[in-house]
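First the structure, in the form of structure tokens, and then the observations on it.
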Amino acid sequence: MSILSISGENGEKTVVIRPRRGDERLSILSCGFTAAQDTMHIQRKNSPLCVFQYITSGCGYVVVNGKTVRASAGDVIINHVGSDHEYWNDKNDPWSKIWLNVSGTLVTELLRIYQLGEVNIIKGVPQMEQVFFSCIDTLLGAADDVAGEAAIALHRIVYRLNKELLPPGAV
């Protein structure tokens, strides 16, 4: 894996990462920050990607396998590989978000192991903002070992999300 490009316009910053040939375990295809936009709308059928999104401000709507949920600042959205999903921002209060587009067997296994395989939205986890920003900063600074840093960054997100869902005192 290596960083292919970094771009930023209209308040959006995107990092595109070239997957390592022959390694299907993990590819963070792109990640970044999207500022509030009036017309953002994404729809995927049988998605080849797992998309992690942390909403930093505003709100929007997510449809996963036919169920619509409102997401707002402090929420994490997980759109799983193989899902039919759609999401768009609220035109009156558009969201800003941090996101990672991920594929590979590692992400599916991590989500399963950490009991997040059926979780699509985690409400009210403002402490995750720093975890998401830290992961993107890590990827930007990983000149020598982007693949290794990507695996650690993804694991950090999934681990922390699992901790947010467990009852206090659970192991």
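The values are calculated or read from the model by the stated rules, or taken from the named source; none is laboratory data. Fair warning: this is a prediction, and the values are worked out from it, not measured in the lab. Glycine also receives a Cβ, built like all others from the backbone with ideal geometry; neighbour counts cover every protein chain displayed. Accessible surface is based on the protein model in full, side chains and every heavy atom, while ligands, DNA and RNA are left aside. Shrake-Rupley method; radii C 1.70, N 1.55, O 1.52, S 1.80 Å.
Annotations
- If you check Lys123, Lys97 for being surrounded by 16 or more Cβ atoms within 10 Å (Cβ to Cβ) and out of contact with any Pro (no Cβ under 7 Å at 6 or more places or on another chain), only one passes: Lys97.
- If you go through the range 99-151 and keep only what is under 21 Å from Phe33 (Cβ atoms) and polar (S, T, N, Q), you end up with Asn101, Ser103, Gln127, Gln130, Ser134, Thr138.
- Qualifying residue in the range 23-36 (condition: aliphatic (A, V, I, L, M), in contact (Cβ under 8 Å) with a residue 12 or more places away in the chain, open to solvent by less than 70 Å² (accessible area, probe 1.4 Å) and over 25 Å from Asn162 (Cβ atoms)): yes
- Comparison of Val64, Val16 shows that the only residue that is open to solvent by less than 30 Å² (accessible area, probe 1.4 Å), at pLDDT below 90 and over 13 Å from the mean Cα position of the chain (by Cα) is Val64.
- Yes/no for Ala153 being small (Gly, Ala, Ser) and either open to solvent by 40 Å² or more (accessible area, probe 1.4 Å) or farther than 18 Å from Arg44 by Cβ (or both): yes
- Every residue from the range 86-101 that is under 13 Å from the mean Cα position of the chain (by Cα) and of a type in the set (A, V, I, L, M, F, W, C): Ile98, Trp99, Leu100
- Restricting the range 66-123 to residues that are hydroxyl-bearing (Ser, Thr, Tyr), in contact (Cβ under 8 Å) with a residue 40 or more places away in the chain and not in a strand (DSSP E or B), the residue that is farthest from Tyr159 (Cα to Cα): Thr105
- When the range 34-60 is limited to residues that are closer than 21 Å to Val158 by Cβ and part of a strand (DSSP E or B), the one that is modelled with the lowest pLDDT turns out to be Arg44.
Table: residues versus (1) within 16 Å of Phe52 (Cβ to Cβ); (2) at pLDDT below 90.
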residue: Arg112; (1), (2): yes, no
residue: Ile122; (1), (2): yes, no
residue: Met128; (1), (2): yes, no
residue: Ile136; (1), (2): yes, yes
residue: Ala143; (1), (2): no, yes
residue: Ile152; (1), (2): yes, yes
residue: Arg160; (1), (2): yes, no
residue: Glu164; (1), (2): yes, yes
